[in-house]
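Rule-based calculations on the coordinates, nothing more; no lab input. Since we're looking at a predicted model, the values are computed, not measured. FYI the Cβ positions are ideal-geometry reconstructions off the backbone, even for glycines, and counts take in every protein chain you see.
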Amino acid sequence: MQLFIGLGNPGDEYAGTRHSIGREILIAAHKRFGLPPFKPDPNLKSLVSEGSIGKGRVVLVLPETFVNKSGGAALPALRRFKAKARELTIVHDDVDLILGAAKLSFGRGSAGHKGVESVMRALKTRDFWRMRIGVQKKRRVPGEDLVLQKFRGDELVLKKRVIKKSLAAIEAIAVAGPEYAMNAYNR
């Protein structure tokens, strides 16, 4: 079983922002792989969809908390689905990676991402997978000025490309495991 948590702020006003790219990717995965509808789970403070991708069982979790409080959804989700931290992949924006780039990593620090820090504090470990989605502009912009900006113009093409790449990685994680997916995804 693989548990995916897509970080992003809930609410229409945050849809399409860089900080919500993780949430957007899981919504795209839900649609692409024909998973059951998301259902509200008040105990997890999240929307949840359980299903299969290929022969792999997956759970997609969209926290209904703000990004910086994501740990409040991550720990209850691990407990509910009896998952180990290494079966968890957090999908999130990364202001250190240029838009279009993406990396799968394990056991790394938060690099200042408040949502990832919240998950690490809640789980008391950093031993989980992270799908880091680049959102930085060509001319570097400070993270705090960038994350609530929406994608525009030519950026939309790069965003579409990185979502497609991320869906392939999610499928590989579900079917063959994150170690296998990392070799293909990080090229």
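Miscellaneous remarks
- Sequence-distant lysines (8 or more away, or on other chains) whose Cα lies within less than 17 Å of Lys114: Lys69, Lys124
- Here the contact order of the chain, divided by its residue count and restricted to Cα pairs under 8 Å and six or more residues apart, works out to 26 percent.
- For region 22-102, trypsin sites (Lys or Arg not before Pro) are listed when DSSP marks them as loop and at most 10 other Cβ atoms sit within 10 Å of their Cβ; the list is Lys55, Lys82.
- The alpha-carbon of Lys55 sits under 27 angstrom from the alpha-carbons of these lysines, leaving out residues fewer than 8 places away in its chain: Lys31, Lys39, Lys82, Lys84, Lys103, Lys160, Lys164, Lys165.
- Mean separation of Cα contacts under 8 Å (6+ apart) over length of region 100-187, as relative contact order %: 37
- The chain, helix-only ellipticity at 222 nm - DSSP H runs n ≥ 4, -39,500 (n - 2.57), divided by all residues, nearest 500: -10500 deg cm²/dmol
- Projecting the Cα atoms of Pro37, Ile5, Ala83 onto the charge dipole of the chain, computed from C-beta unit charges around the Cα centre, puts Ala83 farthest toward the positive end.
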